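Novice: Before I ask anything, let me first share the structure, which is written out below as structure tokens.
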Amino acid sequence: MDKFAFVVHPINIKQLKEVLPATKWLPDFLIRGSLKFVKPFVVSHIKNVRSITGKEVEGYFIACPLLPQQMLKSEKAFVEERIIRAGRIGQDLGAKIVGLGGYTSVIGDKGITISKSLDIAVTTGNSYTAASVIESVLKASQILKIDLKKARAAIIGATGSIGNVCTRILAGYVPEIIITARHFEKLQVLKNTIENNHSVKVKIENNVHAAIQDADIIIATTSAPEALIDAKELKSGAVACDVSVPKNISGRNCGRTDILVVDGGLIRIPGKIDFGTPTELPDDLIYACMAETMILALEGRFECFSLGNDLQVKRINEISRLAEKHGFRIAEIEPR
């Protein structure tokens, strides 16, 4: 049976204590200070990953025991070395492809250096994540009856791999897009690329709050370790898709019924998978980055499918087709 591996990391100390019960009684500061000395390890054996075609694969969760802030603030070479160690554990267990979850997919060159250090395929899963975000936005827009031909979209984190390709795809649907990110030079390049290929107006905005003020559609996809905006700031009738973990949009339970905030990148799986460990999601949901790894393993496509910052639209369409073939679909969007 073909195997895959998926590299994960704790989002916070609480999550880490659930995976490592021996740390339950240790003070948080001691755990945080010790993590840089903890080697990657196998979290669980993932079983019963079945396609609707009948194909079955299995895999492993491999922990890279660093917190988001540690990944962002530590030396890039140190973090990449830890991720490579985690990938090699999966490789030694017989995996033919390894997926990079959470912040392990955004460090450095987004998987390229990792792939060069392993003898198996590597993917960030960002192609299927982007595909699921676009599908979620289009469906949510239908629910709130947003006329895309008149809509204004705002992309928070537009220069990241997911934000970049989502901007390029949305440019075919809406007449105006506001883009914001930390790097102005990259924003300018994206603006020029979009306007040279589409009849759409692109505006660069440095302030994230100003960017979303009049937006009908918002996509939030940054690596910020904290929320950047509050749902109360959204325009009445707006749709917001938050693909970030931790979330970029807070206050989504503010009681407003005139907006729709959805979690991007959530995928409903075919059948019942045995993850071998508790997850933060319902049993029938996984993140799209993990789903891409599973789909590629089920398809026997052991290749570096999604790497680097410049994702290809044709790959977005291809992984969407493979997801449908194997019975993966985006989570239902419920109007409030």
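Novice: Please give the number of the condition residue 262 fails out of (1) within 15 Å of the chain's Cα centre (by Cα); (2) among the aliphatic types (A, V, I, L, M); (3) part of a loop (DSSP other than H, G, I, E, B).
Specialist: Exception for residue 262: condition (3).
Novice: On the given criteria, is residue 62 without any contact (Cβ under 8 Å) to a residue 40 or more places away in the chain, touching a helix residue (DSSP H, G or I) at 6+ places or on another chain (Cβ under 7 Å) and more than 24 Å from residue 322 (Cα to Cα)? Give the derivation first.
Specialist: Numbers: without any contact (Cβ under 8 Å) to a residue 40 or more places away in the chain: no; touching a helix residue (DSSP H, G or I) at 6+ places or on another chain (Cβ under 7 Å): yes; more than 24 Å from residue 322 (Cα to Cα): yes.
No, not satisfied.
Novice: Could you identify the single residue in 114, 156, 120 that is farther than 30 Å from residue 91 by Cβ and in contact with a strand residue (DSSP E or B) (Cβ under 7 Å, 6 or more places away or on another chain)? Spell out how you get there, then give the answer.
Specialist: Working: 114 fails: farther than 30 Å from residue 91 by Cβ; 120 fails: farther than 30 Å from residue 91 by Cβ.
Every option except 156 fails the conditions.
Novice: Please state which of the following conditions residue 145 fails to meet, knowing it meets all the rest: (1) open to solvent by less than 40 Å² (accessible area, probe 1.4 Å); (2) at positive phi.
Specialist: The one condition residue 145 does not meet is (1).
Novice: Would you be able to tell me the number of residues in the range 81-133 that are within 21 Å of the chain's Cα centre (by Cα), among the polar types (S, T, N, Q) and part of a helix (DSSP H, G or I)?
Specialist: Quick first cut of the range 81-133, residues within 21 Å of the chain's Cα centre (by Cα) only: 82-84, 86-87, 90, 97-115, 121-133.
This time we only want the ones that are among the polar types (S, T, N, Q), so: 104-105, 113, 115, 123-124, 126-127, 129, 132.
Okay, now just the ones that are also part of a helix (DSSP H, G or I), so 104-105, 113, 115, 126-127, 129, 132.
Number of matching residues: 8.
Novice: Mind checking which residues of the range 162-189 are open to solvent by less than 10 Å² (accessible area, probe 1.4 Å) and more than 26 Å from residue 258 (Cα to Cα)?
Specialist: Within the range 162-189, 165, 187 meet the criteria.
Novice: Of all residues in the range 108-142 being free of Cβ contacts under 8 Å to residues at least 60 places away in the same chain and open to solvent by less than 20 Å² (accessible area, probe 1.4 Å), which is nearest to residue 82 (Cα to Cα)?
Specialist: Narrowing the range 108-142 to residues free of Cβ contacts under 8 Å to residues at least 60 places away in the same chain: 108, 113-114, 116-119, 138, 142.
Imposing the further condition that a residue be open to solvent by less than 20 Å² (accessible area, probe 1.4 Å) reduces the set to 114, 118.
Values: 114: 10, 118: 13 Å.
Among those that are free of Cβ contacts under 8 Å to residues at least 60 places away in the same chain and open to solvent by less than 20 Å² (accessible area, probe 1.4 Å), it is 114.
Novice: Check whether at least one residue in the range 279-297 is part of a loop (DSSP other than H, G, I, E, B), touching a strand residue (DSSP E or B) at 6+ places or on another chain (Cβ under 9 Å) and surrounded by 19 or more Cβ atoms within 10 Å (Cβ to Cβ), and report yes or no.
Specialist: No, that holds for no residue.
Novice: Using the structure shown, decide if residue 15 is under 28 Å from residue 226 (Cβ atoms), under 24 Å from the mean Cα position of the chain (by Cα) and surrounded by fewer than 16 Cβ atoms within 10 Å (Cβ to Cβ).
Specialist: Numbers: under 28 Å from residue 226 (Cβ atoms): yes; under 24 Å from the mean Cα position of the chain (by Cα): yes; surrounded by fewer than 16 Cβ atoms within 10 Å (Cβ to Cβ): yes.
Against the criterion (under 28 Å from residue 226 (Cβ atoms), under 24 Å from the mean Cα position of the chain (by Cα) and surrounded by fewer than 16 Cβ atoms within 10 Å (Cβ to Cβ)), residue 15 qualifies.
Novice: Okay, moving on. Would you pick out the residues in the range 18-50 that are surrounded by fewer than 18 Cβ atoms within 10 Å (Cβ to Cβ), of a type outside the set (Phe, Trp, Tyr) and farther than 15 Å from residue 66 by Cα?
Specialist: Residues satisfying the conditions are 21, 22, 24, 26, 27, 45, 47, 48.
Novice: Also, I was wondering about something else. Scan the range 243-263 for residues that are within 22 Å of residue 285 (Cβ to Cβ) and either open to solvent by 40 Å² or more (accessible area, probe 1.4 Å) or in contact with a Gly (Cβ under 6 Å, 6 or more places away or on another chain) (or both) and report the count.
Specialist: Residues meeting the conditions: 7.
Novice: Given the condition open to solvent by 20 Å² or more (accessible area, probe 1.4 Å), closer than 14 Å to residue 308 by Cα and touching a Leu at 6+ places or on another chain (Cβ under 6 Å), answer yes or no: does some residue in the range 58-79 qualify?
Specialist: The answer is no; no qualifying residue exists.
The values are calculated or read from the model by the stated rules, or taken from the named source; none is laboratory data. Nothing here was measured: the structure is a model prediction, and the numbers come from that model. Quick reminder, even Gly has a Cβ in these numbers, built from the backbone with ideal geometry, and neighbours come from all protein chains shown. Remember, those area values only see protein heavy atoms, side chains included, never the ligands or the DNA or RNA. Shrake-Rupley method; radii C 1.70, N 1.55, O 1.52, S 1.80 Å.
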